[in-house]
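Asks: Have a look at this one before I ask anything.
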Amino acid sequence: MLALSHYNSSTSPLLPRFSNDSGGKVEARVTVEELSQQENFTLVQPTTSGVIVVVLSMTLGIISNIVALFILANAYSLQRRRSKATFLLFATSLVVTDFIGHVIPGALVLRLYLHGGVRPEDYNSSDGMCQFLGGSMVFFGLCPLFMGCAMAAERCLGVTKPLLHSSLVTKTRTKICLSVIWLAALGVALLPCFQLGSYAYQDPGTWCFIKVLSDTEGVDVVFVMLFSGLGLTSLAVALVCNTISGLTLVLARLRRQPGSHHSAKSHDIEMVVQLVGIMVTSCICWSPLLIFGLMSVIHSYTGSIGDDLSNYKTLMVMAVRLATWNQILDPWVYILLRRTVLRKIYLIAKCQVGLRGNIVGRWEPSSFQSSEKKEVDQV
């Protein structure tokens, strides 16, 4: 979680302690002013309001993921259709990944925040904690995107080619696919261990990510292009698959004979609606970070970033804060976009439309004509 407060201060952890008298205060203030003229330290002060925002945000994410996990586990235990069970296995794995990816990086960022962050001159000195935090952000960033892409492809095959889906997709193969996704994301996150890219502290010194803004090298550009390329490709494939699935279900709905019942289609509609929700959430939350990161590293490597460095820092901070909301919003897709909830929303909307239709019907021109005719007959 990166709900952080950014303060420009001149305090230094190396300042000596002064007495509480007025002379000590004046001397301390003079020393601080002298240091501020020499260097401009940017530290994050652990204010009460900032800590409360971070804690509330983490609490909301944890509760949301736990509720969604409980709903999915209960639905998985009651589900007998294999296609639905496969989808629920994917969804449960996604929620578990989101939960872990919300807690671990969030706890590390909160620890850095409470300790005042890292000074700007130490941004490029990547320690073990920065390596772990940066790798965690890359791993837990790619996993949901890969899983959303795999779920969309699985549903597209199930909707368009149900017989082929039943013969190819099994629970064992689904688990193998999940293992491959986790290993692929882990492999990308561990590339800096082989000198193929690097992680560095990012402004305001409370989080780590791929080096994109200063002292970038060719391997950093390749690393960011790989990370952003994989993420954007996953979103694009999910968009195509969900579009095909949605159009297929709409056409099947239009061709359905009156009075016929297809319970299987209702399950497919529910799953596709949830996948569209996942895709929209991922696009909104992750696209800015994927795009801004790629833009930043290219401009930094070519030396054309110039006076726009502060703007790119601000964009990166805003983008990573938005990306952390993906792990909070994803669980609500399963909580709100279930058949029971969608049916209630549909019935409420239908009642509202029917009520408006009755009100409008009372004021139709035909009703005026009939009432006028009755009055003439009476006269």
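Read the figures in this text as sums done on the coordinates, not as results from a lab. Keep in mind that this is a model prediction, so the values were computed, not measured. Heads up, the Cβs are rebuilt from the backbone with ideal geometry, glycines too, and the neighbour counts pull from every protein chain shown.
Asks: Could you tell me, in Å, what Rg and Dmax come out for the Cα atoms of the range 48-353?
Replies: Rg, Dmax (Cα atoms, Å): 21.2, 72.
Asks: Here is a further query. Where the Cα atoms of the range 239-346 are projected onto their three principal axes, how long is each span, largest first, in whole Å?
Replies: The Cα atoms of the range 239-346 stretch 67, 25, 16 Å along the principal axes, largest first.
Asks: If you don't mind, there's one more thing I want to ask. Set the Förster distance to 22 Å, then compute FRET efficiency between I345 and T243 from the Cβ-Cβ distance, nearest 0.05.
Replies: 0.45
Asks: Is there a quick way to get the dipole size of the range 48-353? I mean about its Cα centre, with the Cβ of Lys and Arg at +1 and of Asp and Glu at -1; what is the value in debye to the nearest 20?
Replies: The calculation lands at about 2280 debye.
Asks: Follow-up question, since we're still on this one. Which distance in Å, rounded to a whole number, links the C-alpha centroids of the range 128-195 and the range 294-315?
Replies: Distance between centres, Cα-based: 31 Å.
Asks: Please compare each pair in K211/K313; K84/K161; K84/K350 to a cut-off of 19 Å on the Cα-Cα distance and tell me which ones are over it.
Replies: Beyond 19 Å between Cα atoms: K84/K350.
Asks: To continue, here is another question. Work out how far the C-alpha atoms of the range 144-183 reach from end to end along every principal axis, then list the three figures in whole Å, largest first.
Replies: So the extents along the principal axes, rounded to whole Å, are 29, 20, 9.
Asks: Additional query: Cut-off 20 Å, label point 7 angstrom out along Cα-to-Cβ of H115: give me the residues of the range 189-204 whose amide nitrogen falls inside.
Replies: 199-204
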